[in-house]
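Below is one structure, written out as C-alpha cells; the observations come after it.
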Amino acid sequence: MTSSYDLSAFFQPRGVAVIGASREPHKMGYGVVRNLVQYGYQGAIYPVNPNADTILGLKTYPSIAAVPDPLDLAVICVPAPRVEAELEACGERGVRAVTVISGGFRETGPEGAAREEAIKGVIQRYGIALVGPNCIGTIDTHTPLNTTFVVGVPRPGDIGFVSQSGALVVAIMDWARSAGVGFSRIVSLGNQAGVSEAELIEVISRDPQTNVVTVYMEGVSDGRKFVEIVGQVACRKPVIALKAGRGQGGAKAVASHTGALAGAESAYDAAFRRAGVLRADTMEEMFDWARTLASQPLPRGNRVAVLTNAGGLGVVAMDALEMAGLKQAVLSEATKAFIRARIPPAASAENPVDVIAGSGPAVYGLCLDALLADPGVDAVVVAMAPNDWFAPVSLADVLGDVSTSPLARGKPILSVLMGVTPESEAARVLQQRHVPNFTFPERAGRALASMWQRKQWLDSLAEIGEPTRPPECDLETARITIEAGLQVNRQMPAGNGWLTPEQVELLLAAYCIRTPASGLAPNIEHALALAKTVGYPVALKLAAEGLTHKTDVGGVMLNLENASELRSAFKAMMRQAGKTPFGSGVKGAYVQRMVKGQAEIIVGVVRDPQFGPLVMAGVGGTRVELQREVAFELAPLTHRQANDLLDRTAAGALLAGYRGAVPADREAVVDVILRLAQISLDWAEISEIEINPLIVQDAGQGAYAVDARVRLAME
C-alpha cells in the first residue's frame, strides 16, 4: 500500500481516540489511555466506550462518530471480530490514521487471515493508513506520545526504532532504561496489513529529532519498494537493520549452482548493500552502531589511533580494530615527538599510544589533541583500564571537551572506559557529551567499522552512475526462444523449465554472449563429423533428459585431440551413462570446440521472490558449491557495481593474474555480467541463468560461455 497521506499522525496527532478504552487496569484499552495521560501527551484524548462515563478522569464517548475534533489518530483495542466494523466507523468519521493493537488475524490461522483481508478492503476503500494489526503501537518521546499499553518508556534520544516484533520492542525499552540509550520514535509494525516497514522508516527518518534509524525485521512486504525507499533514506541518515532468520534454509530445491548458492540471506545482503543499510548481527551490535553513528562524525578514512593507559589493552584494541577491517594509523614524527615530551619515560608514543598508569586526564587530553591533529589519523579510540589515580568521570569530562571542540577536526572519538557502568557518573557525562562508550574494545572496533562502511557507501554514490543497457540485443530471437521453451516444457509430463542447450545458445547469442561451436551427436559417426567441423581438440558432454550437472555422472571429457580419442571417449561415456538414473533419457553427446583461457569464472542470475533478479559472480569450476566463493548483487547493475561484484571474491585477483599468471580479460567478464542482468530484466519468465565455467582469455581476447543453463519459471 503506497502512502498518499501524512503518516506523521502516528507520532504527532492533535487528538487520539482509543476505541476499546477500559476502566479495568489489566486490559490493553486501559493501558493505552494510561500511557497517553501518564507520559504527558498534550493533545486531546478521547476514550471510546459506550458503557463508561469517564476513564482516568477523561470523558468517554459511545462511538468514534461521537468524538469531536481535533482527531487525527484512532487506536483500536477491541476483539478481532469487531475490528472491521470499528474501522468502517473510522472511515465514515474521516479518521485517516489508525493503529490496530488487537491480535487474532493472520498470525492465528485461516480464519484470522480472512479477517485481515477484510480489514484491508476497508482501509483501501477509505484511504486509511493502518499500522498493525497485532502490534503494540507507536511512541514519540519528544511529542511526547505513547500509544502502547506497555508500562515504562525510554528516555528521549535520537535513535528511531522500527520493529516487526512487539515483544522485542518491550524488551528493548526495558533494556534501554538501564543502558542509558535514548529513542526518538518507536513503532511496532505487527502484521503490516497497511503501512509497510519502508514507509515507516521513511517517515521516522524525516523527524528532525532522529539521527539514525534502527530496524528489526523478519522479512519485507515489497523488496523492490524497500530498496527504493530505504535507499533514499540512507542518503540522508544511517539505517541499521537486524534481519532475523539467518539459520533457515535459503533457496528451495534447485538444480543450478547459482540457485543453490543464492539463499534468502544472499538476497537480503545484496538488497541492504544496494540501499546503504548497515546489517548488524546482534541487537547489541545494532544499538552500539546506532549510538555511535548518531553522535559522532564519519571518519574520512580507516586509519585509527589508540590511546590507552595499559599496553595489553592497547594491543587488544588495535587487534579488534584490524579484525573489523580498519588500519593502524602511522603517526608522524612531529606527533610522536609532541607526545613523547608529555608522557612518562616508560610510556610509548607509538600507536597504540600507551601513557601508562599514573598519567592523569590532562595527559590524555594533550595526547588526544595531538592524535586528532595528525593528518594520518582518521579516528581515535581511547581505552582505559581501571586505575586508582583519578576518577573515570574526570577523563569523561576531558573526552567530552575535546570531542565538541574545534580540536576534534571532525574526527570520531570512541571510548572504552573499562569498568564504567551505564549508571555511573562517567557514563552520564559521556552520554551528555555524545561520546559513545563501550565495555570492550571489540565492540568499539565493530562500531567504528560500521561508520567507515557508511562513509564508503556515501562516497560510492557519486561514482556508481546509472545502469546502462548493453547494446546489440536481439529481443525478437530471445522472445521466440523463450516462448518455444515454455511451450515444450508445458507439453512434457515432468517439464522442469530448463531450456535445451540449443535454446540456451540461441538466447545467449541474442545478447552477444559468445559460446564455442558445438553440436549434438546421437552416435559416434555424427560425433566424428562434428569434431571435424568445429576442429580439434574437442570436449564431449553427455546429453540426457533431466541432467544438469554432467560432471557428477562422468558426463564430461575434455581435450580430445583426435578421432581415436573421441571414439574411445564416446563409447566409454555411453557405457557409463547406462549405469546412471539418466540412462533411459540419453540423447547422445554434445561435441564442443575446446576453449582455453587464463581463468574460469562462474556468473549467473537467480530471481528472488522479493527482490527480483540477483546477479552472481565468483570463482568457477566443479567445486563452486563446496568453496562458495561467490557474491551477489541486485539487477540492474552499473559498470562499477559489476566490477565491485568481482572484487568481493577471489575472482578479481584471479582475473588480475594470480601468482604471476597472465591477466585475463576482466572487461569481457564485466560485459557478460551486465548482459546476464539485462536478460533477467527483459524476461520475467526466466528464473535462473548460469554460466559455469565462463572461460576468460587474455586481456582483450574476450570470454566464452563453455557450459550454460537457463531455467524458465513454470506456472
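Where helices (runs of 4 or more DSSP H) sit wholly within the range 625-715, those with at least 1 residues that are in contact (Cβ under 8 Å) with a residue 24 or more places away in the chain, on the phi < 0 side of the Ramachandran plot and acidic (Asp, Glu) occupy 666-682.
Could you tell me whether the range 431-453 includes any residue that is within 30 Å of Arg177 (Cα to Cα), surrounded by fewer than 16 Cβ atoms within 10 Å (Cβ to Cβ) and touching a residue at least 12 places away in the same chain (Cβ under 8 Å)? Yes - at least one qualifying residue is present in the range 431-453.
In a residue-by-residue description of the range 592-615, the property of being more than 23 Å from Trp498 (Cβ to Cβ), touching a residue at least 24 places away in the same chain (Cβ under 8 Å) and acidic (Asp, Glu) applies to no position.
Can you tell me how many residues in the range 188-203 are within 21 Å of Ala275 (Cα to Cα) and not in a loop (DSSP other than H, G, I, E, B)? Here the count works out to 7. Cβ separations smaller than 9 Å between residues 6+ apart or across chains give the following pairs from the range 552-567 residues that are part of a loop (DSSP other than H, G, I, E, B) to residues that are β-branched (Val, Ile, Thr): Gly554/Thr580; Gly555/Thr580; Glu561/Val538.
Please go through the range 491-524 and pick out each residue that is of a type in the set (Gly, Ala, Ser) and more than 14 Å from Arg675 (Cβ to Cβ).
Listed by number, the residues that qualify are Ala494, Gly495, Gly497, Ala517, Ser518, Gly519, Ala521.
Answer yes or no: is there a residue in the range 61-72 that is buried (at least 21 other Cβ atoms within 10 Å of the Cβ), at pLDDT 95 or above and under 42 Å from the mean Cα position of the chain (by Cα). Yes - at least one qualifying residue is present in the range 61-72. If you go through the range 35-57 and keep only what is under 20 Å from Val151 (Cα atoms) and among the aliphatic types (A, V, I, L, M), you end up with Leu36, Val37, Ile45, Ile55, Leu56. Of all residues in the range 7-53, count the ones that are small (Gly, Ala, Ser) and part of a loop (DSSP other than H, G, I, E, B). The qualifying residues number 6.
When Leu458, Leu528 are checked against the criterion of being assigned to a helix (DSSP H, G or I) and in contact (Cβ under 8 Å) with a residue 40 or more places away in the chain, Leu458 stands alone in meeting it. In the set (1) under 23 Å from Leu326 (Cα atoms); (2) aliphatic (A, V, I, L, M); (3) more than 32 Å from the chain's Cα centre (by Cα), Val393 fails one condition alone, (1).
For the range 507-525, residues that are surrounded by fewer than 17 Cβ atoms within 10 Å (Cβ to Cβ) and in contact with a Lys or Arg (Cβ under 8 Å, 6 or more places away or on another chain) total 3. Leu520: in a strand (DSSP E or B), modelled with pLDDT under 95 and either closer than 20 Å to Ser584 by Cβ or not basic (Lys, Arg) (or both), yes or no? Yes.
Identification of strands (runs of 3 or more DSSP E) wholly contained in the range 127-187 with 2 or more residues that are basic (Lys, Arg) and over 26 Å from Glu84 (Cβ atoms) yields no element.
Being over 21 Å from Asn692 (Cβ atoms), outside the structural domain of Ala664 (by TED's automatic domain parsing), among the small types (Gly, Ala, Ser) and within 44 Å of the chain's Cα centre (by Cα) holds for only one residue in Gly578, Gly585, Gly535, and it is Gly585. When we screen Val619, Val591 for residues that are of a type outside the set (Ser, Thr, Tyr) and closer than 25 Å to Ala664 by Cβ, the only hit is Val619.
So is Ala271 modelled with pLDDT of 95 or more, touching a strand residue (DSSP E or B) at 6+ places or on another chain (Cβ under 9 Å), closer than 24 Å to Val710 by Cα and buried (at least 18 other Cβ atoms within 10 Å of the Cβ) or not? Criteria met by Ala271. All of Ala349, Ala341, Ala324, Ala305 fail the test of being within 29 Å of Ser184 (Cβ to Cβ) and either at pLDDT 95 or above or in contact with a His (Cβ under 8 Å, 6 or more places away or on another chain) (or both), apart from Ala324.
If you filter the range 696-715 down to residues that are within 15 Å of Ile601 (Cα to Cα) and small (Gly, Ala, Ser), you find that the one that is surrounded by the most Cβ atoms within 10 Å (Cβ to Cβ) is Ala703.
Checked against the criteria, Ala447 counts as of a type in the set (Gly, Ala, Ser), farther than 28 Å from Asn692 by Cβ and not assigned by TED's automatic domain parsing to the domain that holds Ala708. For Thr580, the conditions (1) surrounded by fewer than 22 Cβ atoms within 10 Å (Cβ to Cβ); (2) under 28 Å from Gly554 (Cβ atoms); (3) modelled with pLDDT of 90 or more; (4) hydroxyl-bearing (Ser, Thr, Tyr) all hold with the exception of (3).
Touching a helix residue (DSSP H, G or I) at 6+ places or on another chain (Cβ under 8 Å), part of a helix (DSSP H, G or I) and either surrounded by 13 or more Cβ atoms within 10 Å (Cβ to Cβ) or in contact (Cβ under 8 Å) with a residue 60 or more places away in the chain (or both): does that describe Leu486?
For Leu486, the condition - touching a helix residue (DSSP H, G or I) at 6+ places or on another chain (Cβ under 8 Å), part of a helix (DSSP H, G or I) and either surrounded by 13 or more Cβ atoms within 10 Å (Cβ to Cβ) or in contact (Cβ under 8 Å) with a residue 60 or more places away in the chain (or both) - is not met.
The values are calculated or read from the model by the stated rules, or taken from the named source; none is laboratory data. Predicted model, so just to flag it, every value in this text is computed and none were measured. Neighbour counts run over all protein chains shown; Cβ positions are idealised from the backbone, glycine included.
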